[in-house]
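Comments concern the structure below.
The values are calculated or read from the model by the stated rules, or taken from the named source; none is laboratory data. Because the structure is a prediction, the values reported are computed rather than measured. Don't worry about glycine lacking a Cβ; one is built from the backbone with ideal geometry, like all the others, and counts go over all protein chains shown. The area values use the complete protein model at the heavy-atom level, side chains included, leaving out ligands, DNA and RNA. Shrake-Rupley method; radii C 1.70, N 1.55, O 1.52, S 1.80 Å.
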Amino acid sequence: MSALEGGPTASGSFAVRVAREGARWRVELLADDAGDELPVLERALGEFDRAAWPPPFVVVVDSRLYFVVLRHGPEGMVRALISDATMLEWVLAAEVVERYGIGVDTDGAFDDDESGWPGGDMDVFADDGLPAEELRTIVTADDLWAEEMVERIAARLGFADELAAAVTA
């Protein structure tokens with residue numbers, strides 16, 4: 001059972017801002033649903049601070065079907081990852097794919113097995129110790145809901161307890 005189940009986010013939708021503070025992580029609940037528009041989430045990243053590396057990131061789980069990560073890159077440009085770039089019928093997913101130029105293979109995107117695939121910056125967590133090949137294993141797992149994928153990422157990076165406390169409070 002997911003540690004995120006059973007709390008107020010049992011619908012599988014939330015937005016959080018995750019930041020490192022020294023050796024510790026701080027997770028702040030931004031919304032208990034993912035209805036916020038993309039510019040609101042981009043503002044939640046805060047101003048780019050070259051001295052604060054790796055930078056904070058925003059994670060949005062929408063409808064248990066996909067999640068989005070936004071994070072500043074080395075020069076302040078926003079990096080984006082979407083766990084399933086085929087979810088274009090959802091407003092946030094379509095907005096992220098369009099705004100960040102994430103490629104979607106529309107010929108195979110809506111096949112019968114509904115597997116979908118990630119798009120965008122697969123190295124978004126590399127500075128934290130989660131390389132693209134390990135992240136890909138998590139986000140392509142057909143047996144996980146989006147919040148379970150985020151929970152595995154949080155466990156791998158070391159902020160699982162903080163995430164659970166933030167989204168179930």
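Overview of values
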| item | result |
| --- | --- |
| Ordering of 153-161, 48-56 by burial proxy (mean other Cβ atoms within 10 Å per residue, highest first) | 153-161, 48-56 |
| Inter-probe distance in nm under a simple model that places probes 7 Å from Cα toward Cβ, at L144 and A126 | 2.0 nm |
| Å² per residue, accessible surface of the stretch 18-86 at 1.4 Å | 46 Å² |
| Probe 1.4 Å, all protein chains present, accessible-area order of Y66, Y100, largest first | Y100, Y66 |
